Structure formats: structure tokens, C-alpha cells
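Engineer: Handing you this structure, nothing more for now.
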Amino acid sequence: MKNSTFSRKRRWLSAPYVIWMLLFTIIPLCIVIYYAFTDSVTGAFTLSNIGGILDYATIFLRSIWLSVAATLICLVVGYPVAYAISQMKPNMQRLLQLLIMLPMCMSFLLRTLAWVALLEDTGILNNVITALGLSPLPLIRNSGAVILGMVYNYLPYMILPLYSAISKINPRLIEAAEDLGCNKTRTFTKVILPLSIPGILSGITMVFVPAVSTFYISQKLGSPGTVMVGDIIESQFKGAYNPNLGAAMSLILMILIFLCIGVTNKVTANDSEEVAN
Amino acid sequence: MRKFTRIVTVIVFIFLYIPIIVLAVASFSSGADLAVFKTFTFDRYAELFRDSTLLVLLRNSAIIAILSTAIATILGTAAAVGIHYSGGRIRKLILSMTNIPMTNPDIVTGVSLALMFAFTGTILRLNSILGFWTLLIAHITFNLPYVILNVMPRLSQMNPYLTDAALDLGCTPLQSFFKVTIHEIMPGIIAGALMSFTMSLDDFVISYFVTGSGFVTLPVEIYNYTKKPIHPKLYALFTLLFVVILLLMIIMNLLQGRDKKSKTRTVVQSGIIGQQ
């Protein structure tokens, strides 16, 4: 009895938070929907903002392919790193974890600017290349540079969840698999990989979402040919002022991301079922 | 296999730190170009400390980060406790609300808040609503989920009989909250607060949309700088911040190492309480 009134009272502690979230998360999203469906001048209901997005279909597709590529590279590169860290001594693991988090705390604007200096036509890497007697390479202002910028900025967001999933795997399961005659590869594909799927999923989300919506990386490392959704949304609010079109784009971007995450979750869920069978 | 993963790890760490090294080296160069090192100088650091605007920006960032972290930590911890004691459907509803800012891209969060502030501004007939308060509200909003997601696991790991024991031993519910519950979930609260503080200090995208000309934080101003030729004293600032954060992390690492040792003791103690 005492216990139930006690916990009923404690429930109310979340009330201020719920009110806060309604005011500053739910209502703003409703306003985005409102703006997306109204005319910028008359304020009347219209579908022209949503329709206007069709003009930008190639930009949406490009944003998706660039960020999918960056996410896959992060996964392929990040997995061995997360695995290697999980196999080290506890002190070393803590240290490396901090070293991965450290760049995340530093201004990503300036770090991206450093990549400009590295990749420029007369930049550091090209200076090295010409010093070796080779002709300079076009390293910047192309899709590759944008993908590199994304991988660089978001790789830590892939490694950390992967590491936390892999380091939670019970080592006895691996021993059991080896005892039961699995070789290294089979132990990996049948035990370690399926058990790290939660980490893979949150890593993919944490890389894909900021990558697909970025605007700074593509501005600095890309060209007019690599303009992304984020750039267009930003310019609707800060340049060619059309918040209604910007709101419509934000709405579509949000829906796209929910769909992409949904598909990823479904595909991986099916995969893990197959593994279980 | 082992060799392969280690080689990849070394390459990745070099990759992660190359731009930071480039910026640190440039902070000692007398030239303005990041790619060319001229002669060694400390001038950039001297300029940095003479520059009053940069210090104001740094102070603004610190004020927003400290205030938003403090408020988000209190609101978020209370919310986590509330969610913990709530049943099925309400719990699910609140948790999925918490997930919205986590899965929404920053640009959408920024745009939605900016539109709402603009909307409120036209209703209240205010010309420039964007500034300190809108920035603070935005930062609290994106910090809250980090606090909750760090505190929730601690609450579910907590021995539920501990609060009962406190109540039986004569604590009022309020005392049991501050003496037992808060004490038990403290590591989660600290982790959440640290995470929000760093997120808030380095946030650019959301701040960029909700800030006015009256109150600007460092990352937003850095973005404005990067549109023009950038002044090299920013490299000096970056390098200093890097050293400060590195030192903080080393201290944290040492403290955590000590905490690990003392934690085994607490686990033994709470195990004994659990048996009784």
C-alpha cells in the first residue's frame, strides 16, 4: 500500500519534462507541418511547397547515396576498430574510448576546414604528391571529398556503439562455439556478428542521420554538383528566404529518415532471424 | 585477424587526429594559410588573449552550456525517476517522445524551433525574439534526452528494496529520494550532465537557427568566420581547447579507474542489503 502511493507520487516527477517536450518538440513539429502546407504570402492551404520538392528530387537522391556510402564505409572501417579495442586490456580500452570521443568534443567546423587545407589543389597532400615527383590529384570539390568529410566526422559515432555492443558479448559464448567445432570465421559470423547487431543498428542511425542532413561538409569540401538537402534547407532560412519550402523539405527529410531507419531495422531483424535458424 | 584489426585501428586513429595536428601546427605558424608553415611564432596566442570579442564568445558558450546542462540535468533526472515509476503505456509514450529529438536530424530540430519562435514572435508582435532565451530553450531541449538516457539504466539497475528500507528506517519519501535514489543514480546523472555539457558547448547546427545577432556563441561565430578568410588566432584557440579537454579526459580516466576499485566494494555492500 505504502509502496503504491509512493510510486504514484513519484510518477508526477516527469510532468515538467512532458510539458517541456510538448512545448518545444511536439508543437514545433506541428508548426513545421503547418508551414509546409501553407502559402508563404496568403497563408492559405496549399500543396505547392510539397510539389515544389520534385524540382529537388536529384538533390534528395544524391544526399541519400552520399550518406549511405559514408555510413557503409564507417561500418566496414569502424567494426575492426571496435573489435580490436574490445580485445585489449581494460585500461587501454578506457584510454582508446576517450581518444575516440576527444575529436567529437572539438569544433567540427575547424576540423573540416583542416581537411580543406589537406585536400586543396595546392594543399598539404598535393604538396607531398608533387614533392614525390607525381602530378597533383583533384582531391577536393567532388563526391569523394564529401564522403571523406562525413566518414571523418561521424566515424566515432559508429565505433562507440559497436564497441559497447561487442564488449558486452559473453566470452563464454565464443569459447562454447570454439569447443563445439567452429573455426574463427564461423565463430565470427555465427556468434560475434549476430550479437553485435544492436550496436550496428544504433551506429548506422547515428551516422546516417547527421550525414544525410549535413550542410557544412558539402559546402566546404564539395562543389555545386554535390549540393545536399541540408544546404537547400539552410538557404531557405538564411538566404533565399522561403520558410514554407524549407519546412516542406524538413518534413520530407524527416519522413525519409524514418523510412530508412525502418527498412534497416527490418532487414537486420530478418538477418538475425536467419542466423538464429 | 588480430594483426589486421590492429593495423586498421592504428590507421583510423591517425586519420582521426591528422586534422587536429594540422590545426595545432598552424597555430604556431606566422602565415595565415593552414597548408603552409612559415616561421615559428607564439603571436597567435598573444593575439588571442588580446582579442576581447573571442573571449566574450567563449563566455557566451560557457554560460549557455552551464545553464542548459544544469536545468536539463534537474528536469531530466526528475523525468527519469518519474518514467521509472510509471506503468506500461505512459512509459512507452514518454520514451518515444524522448526519442524524437534523438532521431531527428539537428537541422530539422533547429528549423522547427526557429519556426516556432518566429511564430511566437509574430503573435507577440516582437521583432527580434531570437537571442539568449531562445538559445537556452533550444539547448535544454536537445540536452534532455541525453540526461534521461543516461539515468534510466541506473534506475533499473538500482535495488528496488533500497527505498523501502529507507522508508522503513524512518526516512520521509523526500529524504529517501535525496539520500537513497539520487545517491544510487549519481554516476548516470554525472555522465548525462557531462554529455550534455560537451554537446551544448560544441553545438553549431541548432544554435545557428535559433540565435539572433544579440547573443552569439563561439561555434556559430566560427561558422561566420569561415565564410571569410579565417583568422589564424582561431587555430590557437582550438589548440588551447584541445589541450584543456585532453587534460580533463585524463583526469576523468584516472578518477574512473579509482571509482572502479571502490565500486566493487559498494556492490558487495548492496549485495548484503539485498539478501536481508
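What follows is calculated from the coordinates using simple rules that are stated; it is not laboratory data. Since the structure is predicted, the reported quantities are computational estimates derived from the model, not experimental observations. All Cβ positions, even for glycine, are placed from backbone atoms using ideal geometry, and neighbour counts span all protein chains on display.
Engineer: How shielded is A:95-104 by partner chains, expressed as the average number of their Cβ atoms within 10 Å of its Cβ atoms? Provide the component values of the computation, followed by the final result.
Structural biologist: Values: counts 3, 2, 2, 8, 5, 3, 4, 8, 7, 4.
Across the residues of A:95-104, the mean count of other-chain Cβ atoms within 10 Å is 5.
Engineer: Still on this structure: Can you tally the net charge around residue A:186? Count Lys and Arg as +1, Asp and Glu as -1, for every other residue whose Cβ sits under 13 Å from the Cβ of residue A:186.
Structural biologist: Local charge sum for residue A:186: 0.
Engineer: Can you grab the distance from the C-alpha centre of region A:1-78 to the C-alpha centre of region B:21-94, Å, no decimals?
Structural biologist: 25
Engineer: Okay, next question. Across peptide A:207-219, what mean number of C-beta atoms from other chains lies inside 10 Å of a residue's C-beta?
Structural biologist: If you average over the peptide's residues, the count of other-chain Cβ atoms is 3.
Engineer: Taking each residue of A:81-94 in turn, how many C-beta atoms of other protein chains fall within 10 Å of its C-beta, and what is the average?
Structural biologist: 3
Engineer: Taking the Cα centre of region B:42-249 as origin and charging only Cβ (+1 Lys, Arg; -1 Asp, Glu), how large is the dipole, in debye to the nearest 20?
Structural biologist: Using only the charged Cβ atoms, the result is roughly 320 debye.
Engineer: Mind running the shape call on region B:131-235? Use the C-alpha gyration tensor, a ≥ b ≥ c as the square roots of the eigenvalues: rounded below 1.5 for a/c, prolate if a/b tops b/c, oblate otherwise.
Structural biologist: prolate
Engineer: Another one. With each run of n ≥ 4 DSSP H residues scored as -39500 (n - 2.57), what mean residue ellipticity at 222 nm is computed for chain B after dividing by its residue count and rounding to the nearest 500 deg cm²/dmol?
Structural biologist: It comes out at -27000 deg cm²/dmol, rounded to the nearest 500.
Engineer: To continue, here is another question. Taking only DSSP H segments of four or more residues, each worth -39500 (n - 2.57), what value at 222 nm results for chain A once the sum is divided by all its residues, to the nearest 500 deg cm²/dmol? Mind showing how you got there, number by number?
Structural biologist: Values: 15 runs with 202 residues, N = 277.
Helix-only estimate at 222 nm: -23500 deg cm²/dmol.
Engineer: Is the protein assembly as shown rounded, prolate or oblate when judged by the Cα gyration tensor, a ≥ b ≥ c being the square roots of its eigenvalues, rounded requiring a/c under 1.5 and prolate requiring a/b larger than b/c?
Structural biologist: Taking the square roots of the gyration eigenvalues as a ≥ b ≥ c, the protein assembly as shown is rounded.
Engineer: Now for a separate question. Quick one: net charge around residue B:80, please, counting Lys, Arg +1 and Asp, Glu -1 for every other residue with C-beta under 13 Å from its C-beta.
Structural biologist: Values: positive: A:10, A:11, B:91, B:154; negative: B:184.
Once positives and negatives cancel, what remains is +3.
Engineer: Taking a ≥ b ≥ c as the square roots of the Cα gyration tensor eigenvalues, with a/c under 1.5 meaning rounded and otherwise prolate when a/b beats b/c, else oblate, which class fits region A:55-276?
Structural biologist: Oblate, because a/c is 1.5 or more while a/b does not exceed b/c.
Engineer: If you don't mind, another one. Within 12 Å, Cβ to Cβ, of residue B:98, how many net charges do the neighbouring residues add up to if Lys/Arg are +1 and Asp/Glu are -1?
Structural biologist: +2
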